[in-house]
Each structure stands twice: as structure tokens, then as C-alpha cells.
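Here is the structure we will look at, set down as C-alpha cells.
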Amino acid sequence: MSPSQRYRLTRPAFDIVSVFGSLRAHALPTSAFIAVLAARGYSETNVHTQLNRLVHRGLLVRAPRGGRAVFFLGARLLVSFDALSGAGDRAVYAGRLTLLLTAVPESDRAARDRLDYLARRHGFGRLRPGAFVSAAAEAPAALVPELAALPAAAWADTSALVPRSHEHARELIARAFDPVGLRAGLRAAAARTPALGDALAAGPAPSDAALRSFGEHFFRAAALVLDTPALPAELTPGVDLAADAGALMCGLRALHAAHIADRLRTLVADLPGAEHIEWAGC
């Protein structure tokens with residue numbers, strides 16, 4: 001396994017986690033993952049392996065219920081689910097930004113990759129090599145222990161950055177994040193959604209090909225949304241990334257609700273351990 005795979009959510013891991021959203025459930029037994037993912041080509045062994053890996057990484061929580069294993073989303077993934085559901089908090093500009101400075105030996109590509117990923121995941125955009133900026137007034141608490149766990153040869157630290165003016169702050173955010181480019185990507189993904197709806201509605205039940213296309217598009221769209229930083233509206237005039245990300249995910253959730261959700265709930269309703277499912281409602 002490469003260093004990046006140890007901290008990124010791979011496609012198999014994403015498929016496991018997506019079962020919670022597909023069923024709109026807070027807690028699921030192993031049998032539910034096996035049943036839903038069988039249609040995507042996963043064997044029972046594959047599912048068990050991925051569940052164990054996610055528990056080991058702290059992304060899922062496993063608890064015994066009536067002699068069966070039941071799984072819940074870990075705290076880190078709950079934040080991602082808020083972003084995908086549009087429930088995340090809107091960012092507010094407090095008059096200062098946060099600067100992240102890094103130094104990594106040129107030969108240590110794994111550490112550089114790790115730092116770049118941590119910066120993006122915690123809302124930082126690159127100003128220049130070794131310098132990242134976040135629209136948040138303070139560095140997130142979760143970033144501190146992750147920076148401390150970097151290899152000894154790598155260095156990183158954060159500090160407050162007070163722009164000269166609102167215009168200066170907007171220039172820094174535009175350079176680090178390219179909000180216009182991000183908006184274009186979100187809107188291009190949203191423009192492909194109606195064709196997916198046509199494919200899902202083409203017969204009495206969605207075809208396997210239509211379901212696969214929906215799954216692939218949802219995966220790419222979710223990655224776009226999760227990579228979209230929370231930027232204060234006053235620093236991105238004319239660009240509302242939260243609204244565009246919300247519109248993209250709302251369209252996909254509507255298609256899922258109309259063509260897929262009831263079918264999946266029926267599939268798992270009578271499985272062994274189904275009594276331990278905690279439904280999230282509609």
C-alpha cells in the first residue's frame with residue numbers, strides 16, 4: 001500500500017461508506033454492506049476486508065449488537081457527510097487568515113504528498129510552494145497532531161495572517177483557491193446529472209449500466225465537493241461555492257431518492273441483523 005493510500009479514502013472504501021448514504025442509515029450490520037455492494041461486484045470477503053480497514057483507521061466504529069457487528073460512521077467521516085448533505089457551516093471572514101508554512105526535503109516525495117493532502121483536507125490552498133493559506137481565523141485543532149506525526153525531516157507550522165484590506169484578502173484567496181475554476185468544475189458536473197436521470201428512468205427498473213454510471217458520477221461529484229473549500233462569501237464576490245456544491249449534491253440525491261433508494265431499502269429489510277439498522281429518515 002502506498003503512503004497516500006493510508007490516508008486517502010480509496011474507491012473501495014468510498015463504496016463502503018456510501019452505503020450509509022444510499023440507505024439513509026446511521027448504523028448498519030455487515031449483511032447490509034454485503035447485499036448492497038454485491039451489485040457493484042464486491043465479494044463478501046472484499047466487504048469484510050474493507051470494513052476491517054476502515055475500523056482500523058478510525059473512520060468507522062464497530063459495536064456488537066445481538067451477537068452481530070454493527071457499524072457507525074466515525075467522527076471524521078461525519079464531517080464529510082455534512083459537506084455532502086449541504087449541512088456544513090458557512091464560513092465567515094473574521095479579518096484574518098491562517099498561514100501554513102512547510103519545508104520538506106526534495107527527496108521525500110511521500111512527506112510532501114502527505115503535507116499537500118493535509119493542507120487541502122483542512123481547508124488550505126497553495127499560495128506558492130511551501131506556503132498555504134486558509135480562510136479560517138485559526139488552524140483547526142485536528143491539524144496539530146497530524147503535523148506532529150510528520151517525519152522528522154519535514155517541518156510545518158501555522159501563524160495568523162492579517163491582510164491589509166478586504167481586497168488583499170480576496171487576492172490571496174483567489175490565488176490560493178481559484179474559486180472561479182472550482183465553480184466551473186462543480187457546474188460541469190451538475191450539467192451531466194440530467195442525462196443520468198434519463199438513463200435511470202429509461203425502463204421499469206434502472207439497468208445495471210445506468211446504476212454503474214450513477215455510481216461513477218456520484219463518486220467523482222463527491223470528490224469534487226469534498227475538495228471544495230469553505231470560503232467566506234465576502235472573499236469570493238460573485239462566486240458562491242457552497243450553493244453550487246449544494247445544487248450538485250441535491251440533484252444527485254433527488255435522482256437516488258426517485259430511482260434507487262426504495263429498492264435498496266427493500267433489499268436489506270429482511271436481512272439477518274436488519275433489526276439493528278438505525279434509519280436516518282428521509
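The values are calculated or read from the model by the stated rules, or taken from the named source; none is laboratory data. Since this is a predicted model, take the numbers as computed values, not measurements. Please note: Cβ atoms are built from the backbone with ideal geometry, for glycine as well, and neighbour counts cover all protein chains shown. For accessibility, only protein heavy atoms count, side chains too; no ligands or nucleic acids. Shrake-Rupley method; radii C 1.70, N 1.55, O 1.52, S 1.80 Å.
Once C-alpha pairs closer than 8 Å and six or more residues apart are averaged by separation and normalised to the residue number of segment 92-155, the relative contact order reads 48 percent.
Relative to the longest principal axis of the Cα atoms of the chain, the long axis of helix 179-191 lies at roughly 20 degrees. Size of segment 174-276 from its Cα atoms: along the principal axes, largest to smallest, the extents are 52, 34, 17 Å. Taking the centroid of alpha carbons for each part, segment 138-165 and segment 11-77 are 32 Å apart. Ranking of 165, 31 by solvent-accessible surface, largest first: 165, 31 (1.4 Å probe, protein heavy atoms only, all chains present). Take every Cα pair under 8 Å whose residues are at least 6 apart in sequence, average their separation, divide by the length of segment 51-164, and the relative contact order is 29 percent. The listed peptides 218-231, 145-158, 95-108, ordered by packing as a protection proxy, come out as 218-231, 95-108, 145-158 (highest mean of other Cβ atoms within 10 Å first).
Expressed as a fraction of 2.2 N^0.38 Å, the value expected for a compact globular protein of N residues, the C-alpha radius of gyration of the chain is 1.10. For the chain, the dipole from Cβ point charges (+1 on Lys and Arg, -1 on Asp and Glu) about the Cα centre works out to 320 debye, to the nearest 20.
Rg then Dmax, both in Å and based on the Cα atoms of segment 46-168: 18.1, 61. Each other residue within a Cβ distance under 15 Å of residue 199 adds +1 if Lys or Arg and -1 if Asp or Glu, for a net charge of -1. The apolar share of the surface of segment 85-135, taken as the fraction of accessible area on carbon and sulfur atoms (1.4 Å probe, ligands and nucleic acids excluded), comes to 48 percent. Phi-derived couplings, Karplus 6.51 cos²θ - 1.76 cosθ + 1.60 at θ = phi - 60°, listed residue by residue for segment 160-175: 6, 10, 9, x, 5, 7, 4, 5, 5, 4, 5, 4, 5, 5, 5, 5 Hz, with x used for Gly and Pro. Shown in residue order for segment 24-38 are the 3J(HN,Hα) couplings computed by the Karplus curve 6.51 cos²θ - 1.76 cosθ + 1.60 at θ = phi - 60°: 6, 10, 8, 9, 9, x, 4, 4, 5, 4, 4, 5, 5, 7, 4 Hz (x for Gly and Pro). Rounded to whole numbers, the Karplus 3J(HN,Hα) couplings from phi for segment 67-74 are x, 10, 8, 10, 10, 10, 6, x Hz, using 6.51 cos²θ - 1.76 cosθ + 1.60 with θ = phi - 60°, and x at Gly and Pro. Calculated mean residue ellipticity at 222 nm for the chain: -16000 deg cm²/dmol, from DSSP H runs with n ≥ 4 weighted as -39500 (n - 2.57), summed, divided by the residue count and rounded to 500.
Only protein atoms count toward the accessible area here, which uses a 1.4 Å probe; on segment 185-278, the carbon and sulfur part of that area reaches 59 percent. Put simply, when 255-263, 131-139 are sorted by average Cβ atoms within 10 angstrom per residue, most first, you get 131-139, 255-263.
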